[in-house]
Amino acid sequence: MSQKNILLVILMLTTTLLMSGCWDVTEPQRMYYVQGVGVDYKDNEYIAYIQLMNFANVAKTEQSNPQAAPTEVGKATGKTIEEAIYKLYRSMDQEVFWGHMTFLLFSEKAMESEHAIPIIDTFLRFRETRYHIWVYCTQDPIEEVLLAAPILEKSPTATKLSNPKNSSKQESFIEPVNLRQLVIGLNEPNHEMKVPFISINQNWETAKESRTETAFAGVGILSKNGFKGFIKGNTARGIEWMNNATKQGEITIKLDNSEERDYLTVDIKKLDVSVKPIVRNNQVKFEVYLKFNTILNGFKGKVTPSQVRKKVEKEVKKEIIATFEEGLKLDTDVFRLSEYLYRDNVKVWKKIQKDGKIPLTKESISKIDIHINKVSPGRKSFEETLTE
């Protein structure tokens, strides 16, 4: 055999060896990618909704391809969530990849009577999914929530459900929760978790039509034994002030003796929350201490720092109490006070707890002490200003 032929054989063998490791790999363009999953429960069957993303609208994040559908949603039913998903596999043309799944959406029925627990367990055990999957609940039709397109037709990966922390920097009404946090919260006192509640609104429109968009509207309370109910709208606002993860929020106060303007909206930042259990004769009360900064925007006339402090403190305290009492109506420990006692004094917690929770009444929060570190007037553009 000539030297030329020997070199040719060696080259062919080398190429074959290099290619052999890739023969069983599916090409990316020949796969479907799951963006999110919605789950409903009806007539003793699970209803699975799978939202598939179109990568034609992902590669270009600033502006999607208007001729390509951003997402498509499939639907199937089954005695278990796995059976419903397998039925959806039968109608798909390509292999499905789950590694890009970003959120899991429950209907109200899917969270009742422990239905949510096997669903959560399924996605925790599946090898392709991750713990960092955001979890939500809704009372709106699952299909409508999954088909809601992001503002300005951005990539589907830019939706609120896929990236909830993008908007929470400016308004931290409800803290996002992922599967890992959900499981930890259900396994620790008080064995309840606040799941962000999603609703559909039509606050946006184009020149041609109105658009639907998802919005945080409160929380659903999920326990190990099932669903307890929703805390929605203004009654949920106290959750924001009892959370150290809050980056920025707003509160509107009514001013006294104001001729020009009756109301003033104040930004709240750098929130620092501390809860202290006070135990006397196996009776527990809780003292809440809050510190934060405030920024005033758009005020006119004479406004004093003491006036702002007094009004903001009163309103924040009012909203915390309203949320706490709404939680009591649902027999839920919405601020996880049971966990504060568990961490601080586990001996007392063991004596009075039942199923991980301690008994709570309207008097359980005995004190709410609020200290505003700084009252800032914002940018000075007019003569009116505020000095500390």
Karplus-derived 3J(HN,Hα), 6.51/-1.76/1.60, for each residue of the range 274-283, Hz, glycine and proline x: 9, 10, 10, x, 10, 10, 9, 6, 6, 9
Hull surface over four for the Cα convex hull of the range 222-365, reported in nm², is 10.0 nm²
Between residue 343 and residue 314, take the C-beta separation as r, use R0 = 25 Å, and let me know the FRET efficiency to the nearest 0.05. 0.25
Enumerate the calculated ³J(HN,Hα) couplings along the range 75-81 in order (Karplus 6.51 cos²θ - 1.76 cosθ + 1.60, θ = phi - 60°), each rounded to whole Hz, writing x wherever the residue is Gly or Pro. 9, 7, 10, x, 5, 10, 5
Sum of side-chain charges, residue 267 neighbourhood, beta-carbon under 12 Å (Lys, Arg +1; Asp, Glu -1): +2
So what J values fall out for the range 308-317 if you push phi through Karplus, 6.51 cos²θ - 1.76 cosθ + 1.60 with θ = phi - 60°, rounded to Hz, Gly and Pro as x? 5, 4, 4, 5, 5, 4, 5, 6, 4, 4
Along the positive direction of the dipole of the range 244-387 (beta-carbon charges: Lys, Arg +1; Asp, Glu -1; about the Cα centre), which of 268, 368, 306 reaches farthest? 368
Return the loop-located chymotrypsin sites (Phe, Trp or Tyr not before Pro) in the range 290-366 (DSSP other than H, G, I, E, B) with at most 13 other Cβ atoms within 10 Å of their own Cβ; answer none if there are none. none
Pseudo-spin-label distance residue 248 to residue 143, built 7 Å along Cα→Cβ, given in nm, is 3.9 nm
Name the long-range amide H neighbours of residue 41: under 5 Å, sequence gap of 5 or more, or other chain; modelled H, no Pro or chain starts. 47, 109, 110
For the range 273-348, list log₁₀ I(q)/I(0) at each q in 0.13, 0.14, 0.25 Å⁻¹, using the Debye formula over Cα point scatterers of equal strength and ignoring solvent, two decimals each. -0.57, -0.63, -1.23
On the formula 1/(1 + (r/R0)^6), with r taken between the Cβ atoms of residue 95 and residue 201 and R0 of 35 Å, the FRET efficiency rounded to 0.05 is 0.45
Kirkwood hydrodynamic radius, computed over distinct alpha-carbon pairs, for the range 113-195: how many Å, to one decimal? 14.6 Å
Full-extension gain in nm, residue 212 to residue 42, via 0.36 nm per residue minus C-alpha separation: 58.7 nm
May I ask you to derive the FRET efficiency for residue 306 and residue 125 from their Cβ-Cβ distance with R0 = 41 Å, giving the value to the nearest 0.05? 0.10
Given 232/269; 276/318; 311/351, which pairs have Cα atoms separated by over 31 Å? 311/351
Distance in nm between pseudo-label sites at residue 362 and residue 287 (7 Å out along the Cβ direction from Cα): 2.4 nm
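Averaged per residue, what accessible area in Å² does the range 244-387 show with a 1.4 Å probe, protein chains only? Walk me through the numbers on the way to the answer.
Working: 8700 Å² over 144 residues.
Here the residues of the range 244-387 average 60 Å² of exposed surface.
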Over 19 Å between C-alpha atoms is what I'm after, so list which of 291/317; 228/329; 310/374; 194/310; 224/317 land there. 194/310; 224/317
Given 263-269, 363-369, 103-109, the highest-first ranking by average Cβ count within 10 Å works out to 103-109, 263-269, 363-369
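Leaving out ligands, DNA and RNA, what percent of the accessible area of the range 244-387 is carbon and sulfur, probe 1.4 Å?
Details: 3850 of 8700 Å².
C and S fraction of accessible area: 44 percent.
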As a test question: what accessible area, to the nearest 10 Å², does residue 237 have when a 1.4 Å probe is rolled over all protein chains in place? 30 Å²
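The values are calculated or read from the model by the stated rules, or taken from the named source; none is laboratory data. Nothing here was measured: the structure is a model prediction, and the numbers come from that model. Cβ atoms come from the backbone with ideal geometry, glycine included; neighbour counts cover every protein chain shown. We work out accessible area using only protein heavy atoms, side chains counted, and drop any ligands, DNA or RNA first. Shrake-Rupley method; radii C 1.70, N 1.55, O 1.52, S 1.80 Å.
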